[in-house]
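Here the structure is laid out as structure tokens; the discussion comes afterwards.
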Amino acid sequence: MVPEGYSASSITRGLQTAFIGHKVNYYPHLTSTMDIAREEAGRGTAEGTVVITGEQTGGRGRQRRAWLSPEGNIALSIVLYPEIAGLPYLVMIASLAAVRSIEAVTGLKPQIKWPNDILISGKKVCGILIENEVKGSRVDYSIVGIGINVDLKASDFAEISATATSLKDELDGSVQRTNIIRNLLTEFERLYLELPAGESIFKEWRDSLYTLGKEVVVNSGDDVLEGIAESVDKSGALTLRLNNGSLNTVVAGDVTLRHG
Ligand code: BTN
């Protein structure tokens, strides 16, 4: 069943953006929107092209994890051609756009867990995956993938029931996916147009991170680090004050709070 007439035209109709979402390719089922968006980018599709699907059978997340993506959720990828200096900001832009759109449509107050997990009540509601194709100092393309749990009942899926939530779980009612997507694309563009400066994007992202100041455990590659999440820099890296007092910069990893 495809509820609420989910289609490309339901997203693009009257969308007030300059280029993001002007071209939307909708597929009822896909392995991953990342792959189709990459193909589109390889063909030189217009910047802001969105690949969206009802259901992914091979959705992927950060750190080579699978991303559960049944019908009823949002799974989309946006094709971009940024300058290389803009790359660190894409994750900040996507996180802030997701937070703003969920808040505007539902009234819920999501939080960002470094680097780009969106949580509600401490559980993950949205994940972001960015894949860049870079040659030397030139970006061929960037694909920004965003997955939002909308209609999913997290308790139905053993593998995520302890750590994930959905808008339906939080609201105890349904939400129109198209409203969130339209809002998300609009907010994404608003932030993206603030590049190349990026200063205000960085500040808003930093100030939205609920991780800062907390005692955390960071899994980064084979390393497990414990300490206080002290700050972030403009590249998006996290500075951790380890228990022995030294500082450690973490570029990528998974953070959990030590005290829940
Ligand atoms: C994560 O938190 O690990 C990132 C999850 C990203 C999921 C989205 S859903 C749309 C796009 N297609 C994918 O296969 N992954 C991203």
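The values are calculated or read from the model by the stated rules, or taken from the named source; none is laboratory data. On a predicted model such as this, the values are computed, not experimentally measured, just so you know. Every residue, glycine as well, gets a Cβ built from its backbone with ideal geometry; the counts of neighbours run over all protein chains shown. All accessible areas refer to the heavy atoms of the entire protein, side chains included, with ligands and DNA or RNA removed. Shrake-Rupley method; radii C 1.70, N 1.55, O 1.52, S 1.80 Å.
Key figures for this structure:
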| quantity | calculated |
| --- | --- |
| The range 61-88, residues that are closer than 16 Å to VAL144 by Cα, open to solvent by 10 Å² or more (accessible area, probe 1.4 Å) and in contact with a Lys or Arg (Cβ under 8 Å, 6 or more places away or on another chain) | TRP67, ILE84, PRO88 |
| Any chance GLU189 is over 25 Å from THR256 (Cβ atoms) and touching a Lys or Arg at 6+ places or on another chain (Cβ under 9 Å) | no |
| Residue under evaluation ILE36, criteria (1) at negative phi; (2) surrounded by fewer than 18 Cβ atoms within 10 Å (Cβ to Cβ); (3) within 14 Å of the ligand (Cβ to nearest atom); (4) not in a strand (DSSP E or B), criterion not met | (2) |
| Matching residues in the range 230-239 - criterion: being free of Cβ contacts under 8 Å to residues at least 60 places away in the same chain, open to solvent by 30 Å² or more (accessible area, probe 1.4 Å) and not in a strand (DSSP E or B) | ASP233 |
| Residue check, SER137 open to solvent by 30 Å² or more (accessible area, probe 1.4 Å), within 26 Å of ARG65 (Cα to Cα) and more than 16 Å from the ligand (Cβ to nearest atom) | no |
| Residues within the range 11-33 that are assigned to a loop (DSSP other than H, G, I, E, B), near the ligand (Cβ under 9 Å from one of its atoms) and crowded, with 20+ Cβ neighbours inside 10 Å, tallied | 1 |
| Selected residue [under 17 Å from TRP67 (Cβ atoms), surrounded by fewer than 19 Cβ atoms within 10 Å (Cβ to Cβ) and among the aliphatic types (A, V, I, L, M)] from ALA162, ALA154 | ALA162 |
| Inter-residue pairs, beta-carbon under 6 Å, first farther than 25 Å from LYS124 by Cβ and in the range 240-260, second surrounded by 11 or more Cβ atoms within 10 Å (Cβ to Cβ) and among the β-branched types (Val, Ile, Thr), 6+ apart | ARG241/ILE228; LEU247/THR239 |
| Residue check for GLU55: part of a loop (DSSP other than H, G, I, E, B), among the acidic types (Asp, Glu) and open to solvent by less than 70 Å² (accessible area, probe 1.4 Å) | no |
| In the range 214-229, the residues that are open to solvent by less than 60 Å² (accessible area, probe 1.4 Å) and either of a type in the set (A, V, I, L, M, F, W, C) or more than 22 Å from TYR89 (Cα to Cα) (or both) | VAL216, VAL217, VAL218, LEU225, GLY227, ALA229 |
| Those residues of the range 107-132 which are within 16 Å of the ligand (Cβ to nearest atom), surrounded by fewer than 18 Cβ atoms within 10 Å (Cβ to Cβ) and over 17 Å from TRP205 (Cβ atoms), in sequence order | GLY122, GLU131, ASN132 |
| Sole exception among (1) open to solvent by 80 Å² or more (accessible area, probe 1.4 Å); (2) closer than 18 Å to ILE112 by Cα for ASN243, by number | (2) |
| Test for ILE146: is it within 24 Å of ALA37 (Cβ to Cβ), at pLDDT 95 or above and away from the ligand (no atom under 12 Å from the Cβ) | no |
